[in-house]
1. Do any of K2/K72; K30/K70; K2/K70; K30/K72; K4/K82 go past 22 Å between their Cα atoms, and which?
2. Given [x] 0.94; [y] 0.97; [z] 1.28 as candidate values of Rg/Rh (Cα atoms, Kirkwood Rh), which corresponds to the one derived from the coordinates?
3. Can you give me the accessible area per residue for the chain, using a 1.4 Å probe, in Å²?
4. Which whole-number percent is the relative contact order of the chain (Cα, under 8 Å, 6+ apart)?
5. How would you order 39-45, 76-82 from highest to lowest mean count of nearby Cβ atoms within 10 Å?
6. With the full set of protein chains in place, find how many percent of the accessible area of the chain is carbon and sulfur; take the probe as 1.4 Å.
7. For the stretch 38-81, what ratio Rg/Rh do Cα atoms give with a Kirkwood hydrodynamic radius?
8. Give me the distance in nm between label points sitting 7 Å out from Cα along the Cα-to-Cβ direction at H22 and E86, one decimal.
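The values are calculated or read from the model by the stated rules, or taken from the named source; none is laboratory data. Nothing here was measured: the structure is a model prediction, and the numbers come from that model. Don't worry about glycine lacking a Cβ; one is built from the backbone with ideal geometry, like all the others, and counts go over all protein chains shown. The area values use the complete protein model at the heavy-atom level, side chains included, leaving out ligands, DNA and RNA. Shrake-Rupley method; radii C 1.70, N 1.55, O 1.52, S 1.80 Å.
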Amino acid sequence: MKSKLDELLDDDEIFAVDAISHDVGMMINKHGDAVDYVILEYADRFDAYFNLYDEGEAPYRNILVKGSSKSKEVARSIANRKLNNEYEKK
């Protein structure tokens, strides 16, 4: 099974079309989990995608969230808040 972020990246006909630049990496969330991220810059906004994926290991999470804003930091903050909300539901 692929992560939801990998599935988005594979759809090159619609994902990141018209993006000016991008930032890709991995971070550790406040719970100690590795989170993959992609941040896309467009002319009018930033889209931040955060994906928590357990790669077939328990507890089998595959959570993808998106934050959008005119500011890169605000987009990251929105995505982080959404990820924390989803994390707490599980």
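1. Going by Cα-Cα distance, K2/K72; K30/K70; K2/K70 fall outside the 22 Å limit.
2. After the calculation, the listed value that fits is [y].
3. Accessible surface, normalised per residue, equals 63 Å².
4. Computed over the chain, the figure is 22 percent.
5. 76-82, 39-45
6. 47
7. Checking Rg against Rh, the ratio lands at 1.12.
8. 1.8
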